[in-house]
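Have a look at the structure below before the remarks.
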Amino acid sequence: MITSGEMNDFSQGSVKRNILRLAGPMTLAQLINLLYNIIDRMYIGHLPENATLALTGLGLTFPILMLVTAFSNLFGMGGAPLFSIARGRQEDDHASDIMGTTFTMLLISGIVLTVIGLLIKEPLLYLFGASDQTFPYADRYLSIYLLGSTFVMFSLGMNNFINAQGFAKKGMLTVLIGAVLNILLDPIFIFVLKMGVQGAALATVISQFVSALWVLRFLTGNEAVIRLKKDSLKVHFPLLKEIVALGTSGFVMSFTNSAVQIVCNATLQNFGGDIYVGVMTVINSIREVVSMPVNGISSASQPVLGYNYGAKEYKRVKEGIKFMSATCIIYTTLIWILLLLFPRPFIHIFNSNSKLLTLGVPAMTIYFFGFFMMSLQFSGQSTFVSLGRSKNAVFFSLFRKVIIVIPLTLILPHIAGLGVNGVFLAEPISNFIGGTACFITMMRTVWPMLSDRE
């Protein structure tokens, strides 16, 4: 029988079992977390009037929503691996200070983002590809969402510390509570009260507020292995530097996703108009859903790899890397085949406009080509983050998105009459080049180091 203490000690038991024990709830938690926005898109995409314009308007807010996630990752994903390493070394006071510093920085950055976002949202949305027809929908949604961005950051950022202590099911409940509430409130606000996109945003904000309360209640309660305490809430600047250095990888991934989305929407607006921005909104929604198991496995691997690395169990770290990589590759290969064979049912989930369906199928075929190569990026990136190799993690985040995707998105539409197809083609090219480079670098640097220390 596995005791509570053994469950939180990742140097004990099977490495695969430890990862899977966290991966199930964490994958489900991430999938449920997606429901906050996915459910909004599903309802808005099937409004009786102007559904496609409203859905496109929601898609235009993605870059700003990703920026909120980026700052959550900067501190939450930066602090949690350091927290795991400190726990592996039995340095509980140090771990407590890491968690407290993360909490305070999430609060400060959440307030700053809210104020700045409300002040400059109109020029930003037009820069991101809004038209006079889609701007009103984007503006109504974003104005309300920004008011709750601090709750979103608490829920996302601090939930990492619940998972890092081995309480994956509790972490899952964080998003389950909010998602169920969002599912219940969405139809009431959108259809019954006829609030449209504003109702979708209000339901999301209320749901994230409840999730944030749950996280804080758990981390300050007696069940937590290491509790969030008042005397740890001050910003410890030496720790902040370490947190930001490691969290920069997750920040860059979300920030560059935001930048890519801005460039894609603006280019699609130029070459294809609102309908193609709507197609990209649907494709992004599908990608987020099908990527969740890969995110879940890689996220679950991080505390296990980090803990064992801190405990100097280098053979177990290698076992974890092999298992994570193989699982991610197998899954993404299977999902690529599924998307290739049955694209229309996935599009139907978010919109039933006949023109969007016609244009969306070939766009999906191009965008998801060789989807399995993305798993190599996830595996390499997660390994670098888990072991505190922040420079490698940051470089490959920038390499795939900034050095490959953005230039290709701008250049390919002008080559050989590719047009909008060039925008969708940039993604698979980046997966092949970026994924291969990241994984090979990890295997040629991390693997020999672990073998030597073993």
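In table form, for the structure just shown:
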{"read-out": "Rounded, prolate or oblate (a/c below 1.5 giving rounded, otherwise prolate when a/b exceeds b/c) for the range 317-417 by Cα gyration tensor", "value": "oblate"}
{"read-out": "Electrostatic dipole magnitude of the chain [Cβ: Lys, Arg +1; Asp, Glu -1; Cα centre; debye, to 20]", "value": "760 debye"}
{"read-out": "Selection from V423, N159, P413 lying farthest towards where the dipole of the chain points positive, charges on Cβ", "value": "N159"}
{"read-out": "Links that overshoot a 25 Å alpha carbon limit, given the list K315/K391; K121/K230; K170/K194", "value": "K121/K230; K170/K194"}
{"read-out": "In the range 58-134, trypsin sites (Lys or Arg not before Pro) in a DSSP loop with at most 16 other beta-carbon atoms within 10 Å", "value": "R89"}
{"read-out": "Restricting the range 163-267 to trypsin sites (Lys or Arg not before Pro) in coil, as DSSP defines it, with at most 12 other Cβ within 10 Å", "value": "K194, K234"}
{"read-out": "Overall form of the range 237-388 per C-alpha gyration tensor (a/c, 1.5; a/b vs b/c)", "value": "oblate"}
{"read-out": "Under the Debye formula (equal points on every Cα, no solvent term), log10 I(q)/I(0) of the range 96-156 at q = 0.15, 0.17 Å⁻¹", "value": "-0.53, -0.63"}
{"read-out": "Proximal lysines relative to K318, as straight alpha-carbon distance under 16 Å, when same-chain residues fewer than 8 apart are discounted", "value": "K16"}
{"read-out": "Kirkwood-type radius of the range 53-167, with distances r between different C-alpha atoms, in Å", "value": "15.3 Å"}
{"read-out": "The range 392-454: relative contact order as a whole-number percent, Cα under 8 Å and 6+ apart", "value": "30 percent"}
{"read-out": "Probe 1.4 Å, accessible area per residue of the range 295-454, Å²", "value": "40 Å²"}
{"read-out": "Label of the coordinate-derived value, percent of Cα pairs over 40 Å apart, listed as (i) 50; (ii) 15; (iii) 57", "value": "(ii)"}
{"read-out": "Order by protection proxy (mean Cβ within 10 Å, highest first), peptides 75-84, 265-274", "value": "75-84, 265-274"}
{"read-out": "The chain, accessible surface, carbon-and-sulfur percent (1.4 angstrom probe)", "value": "67 percent"}
{"read-out": "Extension gain, I330 back to D92 (0.36 nm per residue minus Cα-Cα distance, nm)", "value": "81.9 nm"}
{"read-out": "Percent RCO, i.e. relative contact order, over the chain, from Cα pairs under 8 Å lying at least 6 residues apart", "value": "23 percent"}
{"read-out": "Listed residues V394, V192 arranged by accessible area, highest first, probe 1.4 Å", "value": "V192, V394"}
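The values are calculated or read from the model by the stated rules, or taken from the named source; none is laboratory data. Because the structure is predicted, anything quoted here is derived from the model rather than measured. For neighbour counting, all protein chains shown are included, and Cβ atoms are generated from backbone atoms with ideal geometry for every residue, glycine included. For accessibility, only protein heavy atoms count, side chains too; no ligands or nucleic acids. Shrake-Rupley method; radii C 1.70, N 1.55, O 1.52, S 1.80 Å.
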